[in-house]
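Everything on this sheet refers to the single structure shown next.
The values are calculated or read from the model by the stated rules, or taken from the named source; none is laboratory data. The shown structure was predicted, so the numbers you read here are calculated from the model rather than taken from an experiment. Here the Cβ is made from the backbone with ideal geometry for all residues, glycine too, and neighbour counts use every protein chain on show. Remember, those area values only see protein heavy atoms, side chains included, never the ligands or the DNA or RNA. Shrake-Rupley method; radii C 1.70, N 1.55, O 1.52, S 1.80 Å.
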Amino acid sequence: MSVESWDWSVRIFDHVDVHASDYAESVRFYETVLAPLGIPKLAEGDDWTCFANLNVADRQPATQNLHVCFYTRAKEQVDAFHRAGVEAGFRSNGEPGYRDYAPGYYAAYLLDPDGNNVEALYRDVGNIGHDASPNLR
């Protein structure tokens, strides 16, 4: 199997849990930055909030040194993700733009309240995975 032959529409994670040191602030962060990506808050309990496949939980110790990347369907979503986070007072960890990682890799980065690196990525023409089905399976 190679990078070129992998079916990039295959979903490999069911969900990711992030434990938050400041639960309310972490929920605010993810609610703010995921909205431009079309990822809604779907459910919540006393100490957890579900954003589709990402759960934020009021648990200790807090998750640290995590890098999580969200798929987008357009460069404009990457821009909106970053703008929403910065305008809400969250820290940028890299403005929107093409990266040297690979051709067509357009991304932006924000730090969540616990310092986890949260990325929004658009795979533009020329990037492996660009032609993946818009309906991930």
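Taking all protein chains as they are arranged and a probe of 1.4 Å, the heavy atoms of CYS50 leave approximately 20 Å² accessible to solvent. Looking at LEU37, SER5, ALA57, which one has the Cα that reaches farthest to the positive end of the dipole of the chain (charges on Cβ: Lys, Arg +1; Asp, Glu -1)? Of the listed residues, the answer is SER5. Near VAL118: Cβ cut-off under 13 Å, other residues only, Lys/Arg at +1 and Asp/Glu at -1. The net charge is -3. Seen from SER92, the other residues with C-beta closer than 13 Å to its C-beta sum to a net charge of -3, counting Lys and Arg as +1 and Asp and Glu as -1. Calculate what fraction, in whole %, of the accessible area of segment 22-78 sits on carbon and sulfur atoms when a 1.4 Å probe is rolled over the protein chains. Carbon and sulfur: 49 percent of the exposed surface of segment 22-78. Rolling a 1.4 Å probe over the protein chains gives TYR101 an accessible area of about 140 Å². Remark: the ALA24-CYS69 segment gains 14.0 nm on full extension, using 0.36 nm per residue and subtracting the alpha carbon distance. When only the Cβ of Lys, Arg, Asp and Glu is charged (+1, +1, -1, -1), the dipole of segment 1-45 relative to its Cα centre reaches about 120 debye. Seen against the Cα atoms of the chain and their longest principal axis, helix 75-87 is set at about 20 degrees. What's the center-to-center distance, using Cα atoms, between segment 50-93 and segment 8-22 in Å? When both Cα centres are located, 11 Å separates them. A simple charge model with +1 on the Cβ of Lys and Arg, -1 on the Cβ of Asp and Glu and nothing else charged puts the dipole of the chain at about 320 debye relative to its Cα centre. Nearest 10 degrees is fine. How inclined is helix 23-34 to the longest principal axis of the chain, computing both from alpha carbons? Long axis of 23-34 versus the principal axis of the chain: about 30 degrees.
Roughly what % of Cα-Cα distances in segment 47-119 sit above 16 Å, to the whole percent? The answer is 54 percent, as a whole percent.
In the calculated pair-distance distribution of the chain, the portion above 21 angstrom amounts to 42 percent of the Cα-Cα pairs.
For ALA88, the amide hydrogen comes within under 5 Å of no other amide hydrogen, counting only partners 5 or more places away or on other chains and with H modelled in the peptide plane.
Computed with a 1.4 Å probe over protein heavy atoms only, the accessible area of ILE128 comes to about 60 Å².
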